[in-house]
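Undergrad: The structure under discussion is supplied below as structure tokens; questions concerning it will follow.
The values are calculated or read from the model by the stated rules, or taken from the named source; none is laboratory data. In this text, all values refer to a predicted model and were calculated from it rather than measured experimentally. FYI the Cβ positions are ideal-geometry reconstructions off the backbone, even for glycines, and counts take in every protein chain you see. For accessibility, only protein heavy atoms count, side chains too; no ligands or nucleic acids. Shrake-Rupley method; radii C 1.70, N 1.55, O 1.52, S 1.80 Å.
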Amino acid sequence: MAQTTKPAGLASARCLCGTVRLEIDVPARWAFHDHSAASRRAHAAAYATYVGSWRKRFRIIEGGAAITRYDDRACGIVRSFCAHCGTPLFYERARSPHMVNIPRALFSGRTGRQPLYHLAIEELQEWAYTGEPLIPLKGFPGVVWQRSKKKKRPDREGMF
Ligand SMILES: [Zn+2]
């Protein structure tokens, strides 16, 4: 066994319905936020956070028969998802054949990497939550909101 880095442990991932179970050796290679339109749509979310794993350190533990693939030829990306519940499971890029990217949200435990990197940050959506202070919404327990900073100042029009 000629491994360059000795795995420190395992991280387990699963889809929403639990049919598909995945596993990687940790630490993962890296983790990142992807703001590209393709990942935004594939996840139906503001952006997607991924853990990048070496393919040889990635395993499908259960539910392989339930995995459906979508070949996005325009992007050169093959996306796999659970045919039962629709959860995005991982994506593979033709130009990075040794890597598999798994949504960070599928892991319940630590993956050994913090998502410090951003792809396509120029596509960050103005409606994405980026950590602004939040306050409780009166009369709606469990709901918080961000007071709008955008105040209409029509009085400033024509000032300059
Ligand atoms: Zn599923």
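Undergrad: Could you look through the range 71-85, keep only residues that are surrounded by 13 or more Cβ atoms within 10 Å (Cβ to Cβ), of a type outside the set (Lys, Arg) and more than 10 Å from the ligand (Cβ to nearest atom), and pick out the one that is nearest to the chain's Cα centre (by Cα)?
TA: Across the range 71-85, the extreme among qualifying residues is SER80.
Undergrad: Mind checking which pairs have a first residue in the range 81-106 that is in contact (Cβ under 8 Å) with a residue 24 or more places away in the chain and a second that is outside any strand (DSSP E or B) and away from the ligand (no atom under 13 Å from the Cβ), Cβ under 6 Å, 6 or more apart or different chains?
TA: PRO88/ALA42; PRO88/HIS43; HIS98/ARG55; VAL100/ARG55
Undergrad: Which ones in the range 86-108 are open to solvent by less than 20 Å² (accessible area, probe 1.4 Å), of a type outside the set (Ser, Thr, Tyr) and within 11 Å of the ligand (Cβ to nearest atom)?
TA: Answer for the range 86-108, where residues must be open to solvent by less than 20 Å² (accessible area, probe 1.4 Å), of a type outside the set (Ser, Thr, Tyr) and within 11 Å of the ligand (Cβ to nearest atom): just LEU89.
Undergrad: Of the residues SER36, SER53, which single one is open to solvent by less than 20 Å² (accessible area, probe 1.4 Å), under 30 Å from TYR129 (Cα atoms) and of a type in the set (S, T, N, Q)? Quick ask: steps written out before the conclusion?
TA: Details: SER36 fails: open to solvent by less than 20 Å² (accessible area, probe 1.4 Å).
Just a single option satisfies the conditions, and that option is SER53.
Undergrad: Ok, one more. Within the range 81-102, can one find any residue that is of a type in the set (Val, Ile, Thr) and either at positive phi or in contact with a helix residue (DSSP H, G or I) (Cβ under 9 Å, 6 or more places away or on another chain) (or both)? If you could, list the steps in order and put the result at the bottom.
TA: As a first pass, look at the range 81-102 and keep what is of a type in the set (Val, Ile, Thr): 87, 100, 102.
Narrowing the set further to residues that are either at positive phi or in contact with a helix residue (DSSP H, G or I) (Cβ under 9 Å, 6 or more places away or on another chain) (or both) leaves 87, 100.
The answer is yes, given that some residue of the range 81-102 is of a type in the set (Val, Ile, Thr) and either at positive phi or in contact with a helix residue (DSSP H, G or I) (Cβ under 9 Å, 6 or more places away or on another chain) (or both).
Undergrad: Additional query: In the set ILE67, ILE60, which member is within 20 Å of GLY9 (Cβ to Cβ), of a type in the set (A, V, I, L, M) and within 16 Å of the ligand (Cβ to nearest atom)? Even if it seems obvious, please write down each step before you answer.
TA: On the way: ILE67 fails: within 20 Å of GLY9 (Cβ to Cβ).
Going through ILE67, ILE60 in turn, just one is within 20 Å of GLY9 (Cβ to Cβ), of a type in the set (A, V, I, L, M) and within 16 Å of the ligand (Cβ to nearest atom): ILE60.
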